[in-house]
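Chemist: Sending over a structure as structure tokens; questions will come in a sec.
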Amino acid sequence: MEFIIKATNIELTQELENFLKEKISDCEKFIHNKKFPLIAKCEIEKITSHHRKGPVFRAEVNVELPGRKFLRAEAVKEEIHVAIIETRDRFQREIKKYVRKK
């Protein structure tokens, strides 16, 4: 799986980038037809700069599948790592829904 990662209002460290790639690439095993290149467009951001508590981090993943089908998952949480994990879980559900329909 290929990644395009965008970070907004947050520093994209190597540790954070590796964590994101590891969690999202776990979802690739649910896609059975891998004859096409998968490109995951990921965005992580700190939504606000003046809030210190509450859901201030957002993670989003978009993947285009054959047949002009787009899968999208997004989560807003208090910590960036938790937001990435929640996004992965939602993305897995989207993939499973897509596979069941096919």
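The values are calculated or read from the model by the stated rules, or taken from the named source; none is laboratory data. Everything numeric here is computed off the predicted structure, so don't read it as measured data. Note that we place each Cβ from the backbone using ideal geometry, even for glycine, and neighbour counts take in every protein chain shown.
Chemist: Name the one entry in Ile84, Ile10 that is touching a strand residue (DSSP E or B) at 6+ places or on another chain (Cβ under 6 Å) and either crowded, with 16+ Cβ neighbours inside 10 Å or of a type in the set (D, E, K, R) (or both). Step through it out loud before you land on a result.
Modeler: On the way: Ile10 fails: either crowded, with 16+ Cβ neighbours inside 10 Å or of a type in the set (D, E, K, R) (or both).
Answer to the selection: Ile84.
Chemist: Quick check on this structure: which one of Phe70, Phe30, Phe57 is out of contact with any Cys (no Cβ under 9 Å at 6 or more places or on another chain) and crowded, with 16+ Cβ neighbours inside 10 Å?
Modeler: Step by step, each of Phe70, Phe30, Phe57 is checked, and only Phe57 is out of contact with any Cys (no Cβ under 9 Å at 6 or more places or on another chain) and crowded, with 16+ Cβ neighbours inside 10 Å.
Chemist: Determine, yes or no, whether Lys102 is of a type outside the set (A, V, I, L, M) and within 12 Å of the chain's Cα centre (by Cα). It would help to see each step written out before you state the result.
Modeler: Values: of a type outside the set (A, V, I, L, M): yes; within 12 Å of the chain's Cα centre (by Cα): no.
For Lys102, the condition - of a type outside the set (A, V, I, L, M) and within 12 Å of the chain's Cα centre (by Cα) - is not met.
Chemist: Sticking with this one: Which of the residues that make up region 3-37 are without any contact (Cβ under 8 Å) to a residue 40 or more places away in the chain and assigned to a loop (DSSP other than H, G, I, E, B)? Break it down into steps so the answer makes sense when it comes.
Modeler: Here is the first cut: in region 3-37, the ones without any contact (Cβ under 8 Å) to a residue 40 or more places away in the chain are 3-8, 11-15, 17-18, 21-22, 25, 28-29, 33-37.
Glu11, Leu12, Thr13, Asn33, Lys34, Lys35, Phe36, Pro37, listed by residue number.
Chemist: Only one of Glu86, Glu64, Glu28, Glu45 is touching a Lys or Arg at 6+ places or on another chain (Cβ under 9 Å), closer than 19 Å to Phe3 by Cβ and at pLDDT 95 or above; which?
Modeler: Glu86
Chemist: Give just the number: which of (1) at pLDDT 95 or above; (2) touching a Gly at 6+ places or on another chain (Cβ under 7 Å) does Glu78 not satisfy?
Modeler: Of everything listed in (1) at pLDDT 95 or above; (2) touching a Gly at 6+ places or on another chain (Cβ under 7 Å), Glu78 misses just condition (1).
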